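In what follows, a single structure is set out as C-alpha cells and then discussed.
The values are calculated or read from the model by the stated rules, or taken from the named source; none is laboratory data. Predicted, not measured: the structure shown is a model, and the values here were computed from it. Cβ placement follows ideal geometry from the backbone for every residue including glycine, while neighbour counts extend to all protein chains displayed. Keep in mind that these areas ignore ligands, DNA and RNA; they rest on the heavy atoms of the full protein, side chains included. Shrake-Rupley method; radii C 1.70, N 1.55, O 1.52, S 1.80 Å.
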Amino acid sequence: MNWHQLTAEEVIRATHTSRGGLSQAIATERLRQEGPNELPEKPPATAVEIFFRQFKDAMIVILLAAAVLAGITGETGDMLVIISIVLLNAITGFVQEYRANRAMMAIKKLDQLTAMVMRDKSLHNMDAAALVTGDIVRLEAGMQVPADLRLFDTFALFIEEATLTGEAAPVAKEDRLCPATGSALGDRFNMAYKGTAITSGRGWGVVVATGARTELGRISQLLDIPDSSTPLQRKMTAFSKRLSYVILLVCLLILVIGIMRGEQLLNMVLISIALAVAAIPEALPALITLSLAMAAKKMVSKNVLVRRLSAVETIGAVTIICTDKTGTLTENKMKVVEIWDQQHDIQLHEAMPNLLLLMALNHTVEQGNHGLQGDPTELALLNYVHEQVLPAELTIIQQQYTKVTELPFDAIKRCMTTIHHFGNGYLLITKGAAETLVSLLQADAAKENILQQTHRLSSMGMRVMAYGFRLLPALPEAMGDHVVNELVFGGLAAMIDPARSEVPPAIQACKTAGIMPVMITGDHPATAASIAKQTGITAAGDLMLTGEALEKMSPQQLDNIIGQVKVYARVSPQQKLDIIRAMQRMNHFIAMTGDGVNDAPSLKAADIGIAMGISGTDVSKEAADMILLDDNFASIVKGVKEGRKVYDNIRKFVKYILTCNSAEVYIIFLAPLLGLSLPLLPIQILWINLVTDGLPGLALAAEKEDSDIMQRPPRGVKESLFASGIGLHILWAGVLLAALLLTLQAVLQYNKVTHWNSIVFTSLSLAQLAHVLAVRSEHAFIWQLGWRSNPPLAWVLIVSVLLQVGLLYIPAANRLFSLSPLPLNELLLCLLVPLVFFHAVELEKAIKRSRRKNNNHLA
C-alpha cells in the first residue's frame with residue numbers, strides 16, 4: 001500500500017489503531033499473526049544437522065573408507081575401533097559446535113533494539129521485536145527506526161537513510177502528503193524506515209510494516225549472509241590447510257617407506273590415515289570460535305556485551321583507550337552546586353528570580369513511568385528548581401508560561417532555545433555553553449565578567465550552563481538561528497559530575513598494562529582537565545588540546561604530538577575522527593567509547609568501538625563492536641583483561657596440540673628410517689588423538705589468566721599466533737618427545753621386551769598429559785598454579801589416566817588395542833618419559849624467567 005500518499009489519520013484508521021496506541025490484547029494477537037519484527041535470517045542448524053555436519057570433513061571420510069577396507073579384508077576389530085573413534089570424534093565435535101551456537105544465540109538475545117511505544121494510552125519502552133502493525137512509536141534523536149512508519153507530529157525531524165538509499169545527508173521529515181505521482185523511496189518525506197537513524201528532532205509514527213515486510217526486509221532477502229568467522233579463525237583455517245598438505249605428504253612417504261620395508265599394505269594404509277587424522281588440527285578453527293564465544297558470554301557478567309566475536313580476540317591488543325568523560329569516567333549524576341547572576345532591570349516573575357524561572361522553563365524533560373526522564377544535565381537543572389520551589393507553585397508557573405516551540409540542541413552551536421507564552425507576547429529562552437551564549441548577548445552586556453566567572457567555575461571541575469532571554473512581541477514567521485540574538489543575560493548554573501570511585505584504579509591498571517588512556521570530550525577544557533587530573537589520566541608534562549587549536553593544526557603536526565596529548569576538549573565529531581586516524585597513522589590500536597549519534601563515525605573508524613549501554617543511542621550501539629552495559633570505564637579494563645586471557649588460552653591450546661601432533665609424526669616417520677618397528681598401531685594413534693589430545697586441550701580454555709597479564713605491554717595486532725617462542729617450543733618440544741620415545745623403544749627392542757609397544761604407547765599418552773600441565777602458563781611453575789584454578793582440566797586428566805589404565809588391564813580393551821597388562825615395574829617405567837619431558841618444559845620457563853630478570857636489571 002502507498003502509505004506515503006495517505007494522511008496520518010487515514011493510516012491510523014487503515015491499521016485499526018488510535019493515537020493512544022493498541023491495547024495489549026490486540027497487539028498480542030497481531031504479533032501471533034504477523035510474527036516478530038525481525039529481519040529474515042537463516043534458521044539455526046538443528047542438533048541433527050550439526051551432528052551429521054561432523055562427517056563432512058575429508059579426513060573423516062578417509063577414515064570411514066579405511067574402516068570399510070579393514071572390514072573387507074577381515075580385520076573386524078580394526079573396523080569396529082575405527083568406527084567407534086569416528087563416532088566419538090563426531091560427538092566431541094557436535095558438543096563443541098552446539099555449545100558455540102548456544103553461546104552466540106544467548107549473546108544475540110542481549111543485543112536487542114528497543115522502542116518507545118504507546119500501548120493502552122501509556123508510553124512503554126519495549127523490545128522492538130514485539131512491534132506490530134498499528135503500534136504508535138515515539139522517535140527521538142539518536143534512536144534507530146524500529147519498523148516502517150508513517151510519520152505524524154514531527155518536530156525538526158531529520159533521518160539518515162544511507163542504509164536504504166545510499167544518500168549520506170540526513171533527510172528532513174514532516175507530516176504532509178507526498179505527491180500523487182510515484183515517489184522514490186528517498187523522496188517519501190512522511191515515512192521512516194526500519195534500520196535508518198534519527199539524527200535530530202523528534203516525532204511520532206504509526207507502524208505500517210514489520211520484519212520481512214519492511215523495505216529493509218525486502219532488501220535483506222536479496223543479500224547473502226555475511227561470513228561471520230573472525231580474523232583469527234580465518235588465519236587458523238588457512239594454517240590448517242597448509243599444514244594438511246605437509247602432513248599428507250609425510251604420510252605418503254611413510255606409506256611408501258613401509259611398503260618398501262615389507263610391511264603389510266593394509267596396516268601401512270591404516271597407519272598413514274590414522275596419523276593424518278591425528279596430526280591435522282582440523283578442529284582448531286572451531287575450537288577457537290568456541291573459546292571466543294564462551295569468553296564473550298563470560299564478558300557479559302563483567303558488563304561488557306560483545307557484538308562482534310573479533311572484538312574478543314583483538315581488544316587485548318589495544319594500545320590507546322579513547323574515552324568520553326561524562327557517564328564513563330564520571331557518575332553521570334549532575335548536581336547544581338552554584339548559581340551566578342547579575343542585577344538588571346527586567347524582572348520576569350514577581351516572586352521568582354529570573355535564572356530560576358529560565359531553568360524551570362527551558363528543558364525537554366518529560367514525566368515518564370519511572371519519574372522524570374531526559375538529559376542528565378537538564379535533570380540536574382530541573383531538580384535544583386524543585387529544591388527551591390514548591391511543586392504546586394512550579395505547576396502554576398509552567399501552566400502560565402506554556403511552551404510554544406523550540407529549536408533543538410545543536411551539537412555544533414552547543415545551545416538550545418525554547419519560546420513560551422509571556423503575557424501578550426512571548427519569552428525566548430536560550431541555554432548553552434557560555435562561550436556560545438556570550439556571542440548572542442546584547443552589545444552592552446558584561447561579557448568579559450561572564451567569561452571570567454565561567455572560567456572560575458569550570459576550573460573547579462564544574463560544568464557551566466549559561467542562560468539568556470529575549471522578549472518577543474510576536475512569533476517570528478520562520479523559526480531559525482536568526483531569532484536567537486540580542487539576548488539579555490540570565491545567569492550561570494554550575495554543576496558537578498564527580499568521577500566514579502572505581503575509575504582511578506582502572507586508569508592505573510591501563511597504564512601498568514601499557515595502555516594509554518585518553519579523554520576526548522566536548523566539555524569545557526578546564527572541566528576536562530580537572531576530571532583528567534582526578535582520575536589520573538594526566539600527569540606532569542602531558543598536554544591538553546582544544547578543538548580550536550586542533551582546527552589550526554596540520555595532520556603532520558598532530559602526528560608529532562599525538563603521544564603526548566592525554567586530553568582533547570571542546571572537539572567536534574569530525575575532530576574525534578581526525579584524532580582516531582592520527583593515532584592509527586602512528587601504529588596505535590585504538591578502542592573508542594561513545595554514546596551519541598555524532599560518535600558513530602568515530603566508533604566505526606576505531607579498531608574497537610565501544611558504545612554505552614545505558615546512555616548510548618541505538619545508532620552508536622549499532623556502530624560499535626562492544627557495549628558497556630554499565631557505562632563504566634572500569635568495565636573496559638575488565639574487557640581488556642578477559643580478551644588477553646582468551647588469546648593466551650588459545651595460544652596454549654595451539655602450543656599443546658601442535659607439539660603433540662608433531663611428536664607423533666616424527667616417531668612414525670623416523671622409526672622405519674632408524675631400523676625400528678612401527679611404534680604405534682592405527683587404533684592407538686586414533687585413541688591418542690581423541691583422549692590425550694582433544695579433551696585436555698579443550699580444558700585449557702578454562703585456564704585462569706597469568707598473574708602478570710595486566711603488567712605486560714599489549715601484543716602487536718599483526719603478531720603471529722606462533723610469536724613469543726610458541727613456534728620454537730613446538731619445534732624443540734616435539735623433537736625432544738619423539739627422541740625420548742624412540743630411545744625408549746630402541747632400548748626395549750634391544751633387550752627383547754615383548755610388550756614394548758604397550759610401554760611406548762602408554763608413555764606417549766602420559767607424556768601428552770604431562771605436557772598439558774606444563775603449558776598451563778608461560779611463566780608460572782606447576783606448583784604455583786595449583787589444581788583449584790582449573791577444575792575442568794583436573795577432571796579431564798583424572799578421567800584420561802583412568803581410561804589409559806583401563807586399556808591396559810581390562811581384557812577386552814587390551815585385546816582390542818593389541819596391548820599387554822604391564823607389571824608394576826614396567827608401569828612405573830612408563831612414567832620416565834613424561835617426567836623428563838615435563839621437567840624440560842618447566843626448565844624452559846626457568847630460562848625465560850632468568851632472561852627476563854636480566855633484561856629488567858639491565859633496563
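Numerical summary
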| read-out | value |
| --- | --- |
| Cα lying deepest toward the dipole's positive end in segment 368-432, options Tyr426, Thr377, Val389, charges on Cβ | Tyr426 |
| Filter on Lys298/Lys718; Lys638/Lys845; Lys194/Lys566 - keep pairs with C-alpha separation over 32 Å | Lys194/Lys566 |
| Additional length obtainable on full extension of the chain from Gln373 to Lys403, 0.36 nm per residue less Cα span | 9.0 nm |
| Per residue convex hull volume, Cα atoms of segment 354-408, in Å³ | 100 |
| 5 Å-binned pair-distance histogram of segment 399-551 (Cα, whole percent) | 2, 8, 15, 16, 15, 13, 10, 8, 6, 4, 2, 1, 0 |
| All lysines inside 17 Å of Lys604 as judged from Cα atoms, apart from same-chain residues fewer than 8 positions distant | Lys576, Lys621 |
| Low-density loop positions, GluC sites (Glu not before Pro), segment 322-427 - DSSP coil, at most 10 other Cβ in 10 Å | Glu350 |
| Lys/Arg +1, Asp/Glu -1 at C-beta; segment 727-844 dipole; positive extreme among Ala813, Val760, Leu785 | Ala813 |
| Potential lengthening between Val337 and Glu705 on full extension [0.36 nm per residue; Cα-Cα distance subtracted] | 128.0 nm |
| Segment 518-605: Cα Rg divided by the 2.2 N^0.38 Å rule of thumb | 1.01 |
| Under 15 Å from Lys704, Cα to Cα: aspartates and glutamates that are on another chain or at least 8 residues apart | Glu642, Asp648, Glu778 |
| FRET efficiency, Ser820 to Phe781 (Cβ-Cβ, R0 45 Å, nearest 0.05) | 0.80 |
| Crossing angle, helix 573-585 versus the chain [Cα axis fit, 0-90 degrees, rounded to tens] | 30 |
| Antiparallel DSSP beta bridges within the chain, as percent of all bridges there, nearest 5 | 75 |
| Rounded to 10°, Cα long-axis angle of helix 231-260 versus longest principal axis of the chain | 10 |
| Listed residues His482, His386 arranged by accessible area, highest first, probe 1.4 Å | His482, His386 |
| For peptides 828-835, 753-760, 805-812, sequence by mean Cβ density within 10 Å, most packed first | 753-760, 828-835, 805-812 |
| GluC sites (Glu not before Pro) within segment 472-551, DSSP loop, no more than 15 other Cβ atoms inside 10 Å | Glu477, Glu486, Glu502 |
| For segment 445-604: accessible area per residue (Å², 1.4 Å) | 42 |
| Accessible surface, per residue, of segment 769-859 when the full set of protein chains is kept, probe 1.4 Å, Å² | 58 |
| For Val404, solvent-accessible area (1.4 Å; no DNA, RNA or ligand), Å² | 60 |
| Separation of the Ala549 and Glu38 label points, Cα + 7 Å toward Cβ, nm | 5.1 |
| Cut-off under 5 Å, modelled amide H: who pairs with Val753 long-range | none |
| Size descriptor, Kirkwood hydrodynamic radius, that averages inverse alpha-carbon separations across segment 571-643, Å | 12.1 |
| Per residue value of the accessible surface for segment 335-402 (all protein chains in place, 1.4 Å probe), Å² | 56 |
| Packing-based ranking, highest mean first, of 815-823, 425-433, 571-579 given that Cβ atoms within 10 Å are counted | 425-433, 571-579, 815-823 |
| Relative contact order [Cα under 8 Å, 6+ residues apart], segment 280-434, whole percent | 13 |
| Helix axis angle, 376-388 relative to the chain longest principal axis, alpha carbon, degrees | 50 |
| Sulfur and carbon atoms: percent of accessible area, the chain [1.4 Å] | 60 |
| Cα convex hull volume per residue for the chain (Å³) | 209 |
| Value of relative contact order over the chain, rounded to a whole percent, pairs C-alpha under 8 Å and six or more apart | 12 |
